[in-house]
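Everything below concerns the one structure shown next.
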Amino acid sequence: MLNHIWLALIVIGICTAAGRDIFEVVNNSYGNGIPWEIREGDLMRDEEGASLHFTLRIPAEELQRHFTTEVMAGDVHVPVKFFPQGADNASLVLDVTGESIPERFAIMAEALGSAETLTGQLDRRGDGWRMRFDEVSLVYLRKVTNAAFEIAGVAVQIALGLIGIMALWLGVMRVAEQAGLITHLARLVRPITVRLFPDVPADHPAVGSMIMNIAANMLGLGNAATPFGLKAMEELDKLNPKSGVATDAMVTFLALNTSCVTLIPATAIAVRAAAGSSDPAFIIGTSFLASLTATISAVIISKLLAKVRMFRWERSEAD
Amino acid sequence: MDIFRTIVSVLSAVAIPALMLFFLVYGAFRKVKVYEVAVEGAKEGFEIAVRIIPYLVLMLVSIAIFRASGAMDVFITLVSPLTDLLGIPAEALPMAIMRPLSGSGSLGIMTETMQAYGTDSFIGILVSTLYGSTETTFYVLAVYFGAVGIRNTRHALPTGLLADFIAFLAAVFFVGLVL
């Protein structure tokens, strides 16, 4: 299943990117090679004096003539910097970050190497100017390439970032284990865990680690939850007769983990507060109920799907 | 609700130091050579983190490709007739689809959606409830299974995704109930 979905994400991603790029090339939707006409009066100095800051008015028809695949709502005013280069040439740096600026400009800017500005070359023509940008093409395929390379590095950083916190908690956990604490903890929750994980002996260290992982998750202590969880996976894997194949207990544990009840969804509350909510903590109740529903369903689903033919344990082959 | 909040926030502040203190002191009491044993355990941290790398790289790259291509918009157009039938608001669909795929992506979508529709509107509360009530399923599966070298994940992904879907439906239901 994971094989198919993993492949599907990549295939759908690359094909969509290629499809969009072909559509844009066929329709020339960035107006490549079509100069922008700037008439006398379209380029207005922001204030009298030596400042380079101007405002460029681009009429709706002119936008539509270039960005053929989208409907342009009306004239836009773009803040620009104007750099004269002799009498008949100049360059114009467009600030594309504003809210009212068409998104196309921002995409062009990004494709040409800068997220905020887009540089056009001006030639004097009669009373006004003619502006050209560098050609923009295959935007989405380039985006896909950049994203893939960037995230590959990020993934390694995430994994390496776990080392410190993992070492700390696995060290502390080892002490607790040798002192017999993890087994005590496992016995304490025995009535629940024998039903959830029938294949795991009730006083197995895996149970203690799973309980600690879930407790840490409920309290929103993600940094401590991951080491506990990975420790639990290691313990569960010791009970695994088929290396490389997930056991029923592992799947049920991860079902509990991914849908886990969080008592205080701290990040969501913080974002709501920052966005000016009148009651940021309002979602505590709703997310508690939603995740409780999901957790209960997740456990039931994991038990049911384990019996489905294609997922059955007996049918899964070890390495 | 405020008392509940206070209790949980105190608990989450106290939990880590208290746990550390309790584990180590109890260990010493039980004659465990705490430092030596802790160092032994800590060595594993490096191995596990390194073992996760290939799983995490491949998983995150495929998700990044999907996101960068803008395929999500296409996907939303395809599934929206179906979700309309279920009475699910189309404005919350990007969040529902992104949540299991990417933590940072869904954080961005939550922020954008709340800016567009208001933090205290039905949609605003719905997306933040969604963010708060589920985990990044793909990431968790890659890390947890990666740590023990599991490649055949059997029904783990369908279970996680179905649970995410149920969380979404439950969020729509409960937010509708209180508003």
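The values are calculated or read from the model by the stated rules, or taken from the named source; none is laboratory data. Remember, it's a predicted structure, so these values are computed and weren't measured experimentally. Glycine gets a Cβ as well: all are built from the backbone with ideal geometry, and neighbour counts include every protein chain shown. Just so you know, the surface numbers come from the protein's heavy atoms only, side chains and all, with ligands and any DNA or RNA stripped out. Shrake-Rupley method; radii C 1.70, N 1.55, O 1.52, S 1.80 Å.
Would you mind working out the magnitude of the charge dipole of chain B relative to its Cα centre, with +1 at each Lys and Arg C-beta and -1 at each Asp and Glu C-beta, to the nearest 20 Debye?
For chain B, the charge dipole is close to 720 debye.
Does anything in region A:281-313 have its amide N under 18 Å from the 7 Å Cα→Cβ label point of B:Ile3, and if so which residues?
Label zone hits: A:285.
Scan chain A and note any complete DSSP helix (H) whose C-alpha atoms cover at least 30 Å along its axis and whose Kyte-Doolittle average is -0.5 or more.
A:2-27, A:139-178, A:283-305
Using only Cα atoms, find the angle between the long axis of helix B:103-117 and the longest principal axis of chain B, and express it within 0 to 90 degrees, rounded to the nearest 10.
Taking the Cα atoms of chain B, the angle to B:103-117 is about 40 degrees.
Can you give the accessible area per residue of region A:31-137, in Å², using a 1.4 Å probe?
55
Going toward the positive end of the dipole of chain A, with +1 on Lys and Arg Cβ and -1 on Asp and Glu Cβ, which of A:Ser291, A:Met44, A:Leu160 do you reach last?
The residue sitting farthest along the positive end of the dipole is A:Ser291.
Which order do B:Tyr131, B:Tyr35, A:Tyr30 take when ranked by solvent-accessible area (1.4 Å probe, heavy atoms of all protein chains), largest first?
Final ranking, largest accessible area leading: B:Tyr35, B:Tyr131, A:Tyr30.
Taking the 0 to 90 degree range and rounding to the nearest ten, how far is the long axis of helix B:34-68 tilted relative to the main principal axis of chain B, both from C-alpha atoms?
Rounded to the nearest ten degrees, it is 20.
Report, to the nearest whole %, how much of the accessible area of region B:1-45 belongs to carbon and sulfur atoms, 1.4 Å probe, protein only.
The nonpolar share, carbon plus sulfur, comes to 73 percent.
Output the 0 to 90 degree angle, nearest 10, between the alpha-carbon long axis of helix B:156-178 and the longest principal axis computed from the alpha carbons of chain B.
60
So for chain B, taking the charge dipole from beta-carbon charges (+1 Lys/Arg, -1 Asp/Glu), which of B:Gly27, B:Ile7, B:Met110 sits furthest toward the positive end?
Farthest towards the positive end: B:Gly27.
Would you mind getting the accessible area per residue of region B:45-178, heavy atoms of the protein chains only, 1.4 Å probe, in Å²?
Solvent-accessible surface per residue comes out at 35 Å².
Counting Lys +1, Arg +1, Asp -1, Glu -1, what net charge surrounds A:His184 among other residues with beta carbon under 14 Å of its beta carbon?
Neighbourhood net charge equals +1.
For the pair B and A, how large is the buried accessible area, both sides, in square angstrom to the nearest 100, if the probe is 1.4 Å?
8500
Determine the shape class of chain B: with a ≥ b ≥ c the square roots of the Cα gyration tensor eigenvalues, call it rounded for a/c under 1.5, and otherwise prolate if a/b is greater than b/c, oblate otherwise.
oblate
Just need the relative contact order of chain B here, percent rounded to a whole number, with Cα pairs under 8 Å and 6+ apart.
23
Could you state the accessible area per residue of region A:211-319 in Å², with a 1.4 Å probe and every protein chain left in place?
Heavy-atom SASA per residue in region A:211-319 reads 38 Å².
Run the accessible area of region A:25-177 with a 1.4 Å probe and give the carbon-and-sulfur part as a rounded percent.
The value for region A:25-177 is 51 percent carbon and sulfur by accessible area.
Between A:Thr145 and A:His184, what length in nm is gained on full extension when 0.36 nm per residue of separation is reduced by their alpha carbon distance?
Additional length available on full extension: 8.9 nm.
Take every Cα pair under 8 Å in chain A that's 6+ residues apart, average their separations, divide by the length, and report that relative contact order as a whole percent.
Over chain A, the number comes to 11 percent.
Hey, rough spin-label estimate for A:Ile22 and B:Ala15, points 7 angstrom out along Cα→Cβ, what's it come to in nanometres?
Placing both labels 7 Å along Cα→Cβ, they lie 5.1 nm apart.
In the full protein assembly as shown, how much of A:Glu40 is accessible to a 1.4 Å probe, in Å² to the nearest 10?
Roll a 1.4 Å probe over it and A:Glu40 shows about 130 Å².
When only Cα pairs under 8 Å and 6 or more residues apart are kept, what is the percent relative contact order across region A:205-282?
Here the relative contact order equals 32 percent.
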